[in-house]
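First up is the structure itself, then whatever we jot down about it.
The values are calculated or read from the model by the stated rules, or taken from the named source; none is laboratory data. Please read these numbers as outputs of a predicted model, since none were measured by experiment. Please note: Cβ atoms are built from the backbone with ideal geometry, for glycine as well, and neighbour counts cover all protein chains shown. These accessible areas exclude ligands, DNA and RNA; they are computed on the full protein's heavy atoms, side chains included. Shrake-Rupley method; radii C 1.70, N 1.55, O 1.52, S 1.80 Å.
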Amino acid sequence: MKPPPFEYFTPASVEDALALLGEHREQAKVLAGGQSLVPLLNFRLARPRYLVDLNGIPHLDYIREEDGWLAIGAMTRQRAVERSALVRDRCPLLAEAMPQIGHVQIRNRGTIGGSLAHADPAAELPAIVAALGGRLVVRGPDGERVMAPERFFVGYLTTALEPFELLVGVRLPVRRSRTGHAFVEVSRRHGDFALVGVAAALTLDAAGACADAALALTGVGPTPVVAAAATRVLVGQRPSAEAFQEVGRRVSETLEPDSDLHASSEYRKHLAGVLTRRALTRAAERARGGEG
Amino acid sequence: MAMARRYVSTRVRRREDPQLLTGRARYLDDLRLSGTLSVAILRSPHAHARLVEVDVRPALAAPGVEAVLTGEDVARLARPIRAEMSGPGYKTSGWPALARDKVRFVGEPVVAVVARDRYGAEDALEEVRVTYDPLPVLTNAELSMRPGAPRIHDDLTDNILFHTRFDNGAVERAFVAAELRLSHTFRHGRCTSAPMENRGALASFDAAEGILTLWASSQSPHLLRSGLAEALDLPESRLRVICPAVGGGFGPKMHLYPEDIIVCLLAQRLGRPVKWIEDRRENLLTSAQAREHVNHIEMAATGDGVILGFKATLICDVGAYSLYPVTAALEPVTAASIIPGPYRIQGYSYDAYAVATNKCPAGAYRGVGMALGTFVRERLVDMVARRTGLDPAEVRRRNFIAATDVPFTTASGLVIDSGNPTESLDQALEAAGYDALRKDQRRSSTTTYRGIGLCSYTEFTGMGSGTFRRRGMSQIAGHDAATVRVEPTGEVRGFVSAASQGQGHATTLAQVLADEIGVPMAAVSIVEGDTERCPYGSGSFASRSMVVSGGALILAARRVRDKVIAIAAHMLEAARGDLVMEEGAIFVRGMAARRVTLGQVARLAYRPASGTLPPSVDPALEATQYYDPPPATFSIGTHVAVVDVDAETGQVAIVRYVVSEDCGTMVNPMIVEGQIHGAVAQGIGAALYEDVVYDDAGQPLTTSFMDYLLPTTMELPAIEVVHTETPPPVTVSGFKGMAEGGTIGATAAVANAVADALAPLGVEVHELPLSPDRLYRLIHQARKRP
């Protein structure tokens, strides 16, 4: 379990990193927290000739509020997001998901940008960004482009990032009033990738009916699955166990998840329905209780 | 003279912990010998294939490469590893250290490359060209044992490495009398022990002395030396095996592996130290695995829950090779013999098989055989409870051996020497608050179901040569040994054939020795894990160290102490019988001023002037004692597991865990409890999480800890431990082994708890591990049934 030889760069700026990526293109890999890439290197499943380490680049590690968005730098450690009071207040869905990502030791090293760019189909963060309709901030040789998650996440471990581009940050809309969130997942053990995870956001109107609902699932397809059609039926309804059960049924029947060692396709479909109902129920309780 | 025990039975802190916890302990990979080369091993990507061609020339030319070893080279230099067993029903083929004609499992060593460092060695592996001709693959023991199945070993008539049949003569009668008959098939997954420290071996050849030294992460230095001597055709006097700090063993580190032979051959050839460190992928591919069983069993019982008999067929998937020194028979034989457990069963018959498949070889693992046998039996006991409407505790009570029956010969012929299963059950139930748990067990409208699982078990420990000879396991000594020496300056040292893997021998054996001699623990130290310094013995496995090495240590210490007293009596001009030794001083009873210290006695013993030693007493203070204990002493115990099962998701949470155990006199209750905690974790792992999975082509799918799921602290409950102490009459020490009971009990207790939780849904449990997907399917199927 030793990696094959590679050449190692520590650029001091995003520009330097982009220049290296522009030069080496597909032969280069970007190293952020290393929680996925280093094992892949050690198993010799990834064999880049060049490794571009972002850890020496300043100004990619931040959490701040900007124009109604929560902005997080790509190199922000997951543990910092987990412990951020700003994140808890402005984006409680993210705060709830963070402790379910790996273990403390992993979150101490793992970065927000690294997880999003790696795009594991069972990871929590892509589903959070998808559920909230966040934005991914990408830098390339010609400047910045801002992408919606449905365009950014292309397939299994695949994003729309070009080999000469870097993900530099993510923006998430800050929580609206009368909105409740929930992230629930089932994994084999605490800290494992989700077999199925569901991120839900539910907004009530002044009369207590559902004004808006958003739902994204992880672990059930090559990219996060946004269940827009299934949640649309909730709009205008008062939250109820029956309505959430029905959304769960609809979500479940649209999915065609893969089977793997830890969960069959059939079980994942079933879980998607159960967890959708549970996530919506909890989100509705929180929307009513004002706790986010 | 009975010793007053000052340290034994107390919670002495572990002496080894400051070093272990501050990173100063030296494990195998911490050893630094100048000029050491590193080995990487090319492993078969095929589960079963003929080796057509092996071309290593490009690898030899790679940077930093010093040598490359192939199966052809090894065939000239070493004998295949052979696991021998006397008696009928067993057959074996050798395991060459590097494959020559065929490969038989994914991960089998094919080529070894030695280079300046591991990076260079792994790079060079990519230059080796091997042509394989794939053969039909067997991954299922029941298919592999069929007549006409492709043969894994061409020199054997079939793939059944071991078969034995037993009938105690009372089984047919038992079944005729039965009002209740159950027939079930149980399956246990394949497990691996996953020690924190993987295996490793470092060899160095001293050409001037002709001595080959192997540092190995091993549980059995002497058995390893004997196996190596055989494979390398060297006299044992030319071989030295040393075990540095070892980070967990759990059984698999008692075997001789190809890599041990490879580093020795390379060190001899190159005249430089050669090291191989197993990485985690190699550990999960090739370190001995365990457990995988199919068990078809019938049970006879009366309508009021009295169990009359069992008829069992045990089929154990032992992988591609039979392992030295335990052989492929270990798992099925142990499982079959433990099935009657702590119960009065009239009739018992079994057929037990070890069947070769194209998987990693299976060997010793904490609770070997006993975990499976106990799982099957305790599940059946609970099924009787469900069928008769009796409480599971009551069914156990109706079948237990009574304290007055002991010693009791079970239906499989094992002699339970001591212990009271009823007392153990009562203690566990009281500690758990069983009656209240049952009352609170709500099975109402929620989706969470609570279950309570019991397991009563017997644990086969401290085995002497009688057991190994009866089983035909001719390569295991069965005895252990100790040398006790008081140095001229008065320190007491014990040299033992045990080999700690983290279980605290430096503390527990020192407690025993300090008490036997009558000195403060600070004056005592323990040496183990070195074949040149320690006497020959079996090592540390099968819950034997305290019973056997501890027993040898006590016997040797008594001889040394007698000599100390004899010399002191002479010095004090007192009668031996009037002397007392405490805290390192020998004095006349009731006259504390008439005293000499152990140091004074020792100085005299090593440098006597004429007439200062009593007549017929030799100089020096040293004794070596070999101790071959009785065939076994049994520990017993009861586990109570309380679980909540989410019937919608199939997730299991263990909410309460209680253990009652009896290992005789506890040397150190803190260490006993620590061992139980770890062992229970491994039993829970097998029940809920752990499974080595192969696909139909024999490709292992669980080659990292992302897929081979060990329970972590997040999954484990607080484990409450209570004790009874019934010293066995058959050992010199009053100790019994206890390292495996936690594992043996936990798998069955958790399985029973899950089955109990889901009883209202009509779910029964036959297969492990109980993954959420499996439980979902069981619940779903039960709901579909009318």
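General observations
- Of all the criteria given as (1) more than 14 Å from chain A (Cβ to nearest Cβ); (2) open to solvent by 50 Å² or more (accessible area, probe 1.4 Å); (3) out of contact with any helix residue (DSSP H, G or I) (no Cβ under 7 Å at 6 or more places or on another chain), the one not satisfied by B:Met706 is (1).
- Filter result for B:Gly35 (out of contact with any strand residue (DSSP E or B) (no Cβ under 7 Å at 6 or more places or on another chain) and either without any contact (Cβ under 8 Å) to a residue 60 or more places away in the chain or within 30 Å of B:Ile152 (Cβ to Cβ) (or both)): no
- Residues located in the stretch A:144-162, provided they are outside any loop (DSSP other than H, G, I, E, B) and open to solvent by 30 Å² or more (accessible area, probe 1.4 Å): A:Glu144, A:Arg145, A:Val146, A:Glu150, A:Arg151, A:Val154, A:Thr158
- Count of residues meeting criterion [within 14 Å of another protein chain (Cβ to nearest Cβ) and either farther than 25 Å from A:Gly102 by Cα or part of a loop (DSSP other than H, G, I, E, B) (or both)] in the stretch A:173-195: 9
- Identity of the residue in the stretch B:101-126, in a strand (DSSP E or B) and more than 14 Å from chain A (Cβ to nearest Cβ), that ends up surrounded by the most Cβ atoms within 10 Å (Cβ to Cβ): B:Ala112
- Residue check, A:Gln105 farther than 28 Å from A:Gly180 by Cβ, away from chain B (no Cβ under 14 Å) and surrounded by fewer than 20 Cβ atoms within 10 Å (Cβ to Cβ): no
- Annotation: of all residues in the stretch A:236-245 being out of contact with any Ser or Thr (no Cβ under 6 Å at 6 or more places or on another chain) and buried (at least 17 other Cβ atoms within 10 Å of the Cβ), the one that is nearest to the other protein chains (Cβ to nearest Cβ) is A:Ala243.
- Each residue in the stretch B:679-703 was checked for being outside any loop (DSSP other than H, G, I, E, B), open to solvent by 20 Å² or more (accessible area, probe 1.4 Å) and facing chain A (nearest Cβ under 10 Å), and 1 of them qualify.
- Unique match (being open to solvent by 30 Å² or more (accessible area, probe 1.4 Å), away from chain B (no Cβ under 14 Å) and touching a residue at least 24 places away in the same chain (Cβ under 8 Å)) among A:Val225, A:Val233: A:Val225
- Whichever residue in the stretch A:14-53 is under 20 Å from the mean Cα position of the chain (by Cα) and away from every other protein chain (no Cβ under 14 Å) and, among such residues, is surrounded by the fewest Cβ atoms within 10 Å (Cβ to Cβ): A:Gly34
- Filtered residue count, the stretch B:603-635, keeping only those that are open to solvent by less than 10 Å² (accessible area, probe 1.4 Å) and either part of a strand (DSSP E or B) or in contact with a Leu (Cβ under 6 Å, 6 or more places away or on another chain) (or both): 5
- Being assigned to a strand (DSSP E or B) and of a type outside the set (Ser, Thr, Tyr) is a condition met by at least one residue of the stretch B:566-580.
Quick grid of which residues meet (1) in contact (Cβ under 8 Å) with a residue 12 or more places away in the chain; (2) under 18 Å from A:Ala209 (Cβ atoms):
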residue	(1), (2)
A:Ala241	yes, yes
A:Arg249	yes, no
A:Ser259	no, no
A:Ala263	yes, no
A:Leu271	yes, no
A:Val274	yes, no
A:Glu291	yes, no
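- Any hit, the stretch B:645-654, residues being of a type in the set (Ser, Thr, Tyr) and within 18 Å of B:Ala481 (Cβ to Cβ): no
- B:Arg379 being open to solvent by 20 Å² or more (accessible area, probe 1.4 Å) and either over 29 Å from B:Pro109 (Cβ atoms) or in a loop (DSSP other than H, G, I, E, B) (or both): no
- The set of residues from the stretch B:743-786 being within 14 Å of chain A (Cβ to nearest Cβ) and either open to solvent by less than 30 Å² (accessible area, probe 1.4 Å) or under 30 Å from B:Gly674 (Cβ atoms) (or both) comprises B:Pro769, B:Leu770, B:Ser771, B:Pro772, B:Asp773, B:Leu775, B:Tyr776, B:Ile779.
- Condition met for B:Val642 (open to solvent by less than 60 Å² (accessible area, probe 1.4 Å), away from every other protein chain (no Cβ under 14 Å), within 39 Å of the chain's Cα centre (by Cα) and farther than 19 Å from B:Asp562 by Cα): yes
- Criterion (among the basic types (Lys, Arg), at pLDDT 95 or above and open to solvent by 60 Å² or more (accessible area, probe 1.4 Å)) met by exactly one of A:Arg277, A:Arg282, A:Arg288: A:Arg282
- Meets criteria (out of contact with any Pro (no Cβ under 6 Å at 6 or more places or on another chain) and outside any loop (DSSP other than H, G, I, E, B)) for A:Pro99: yes
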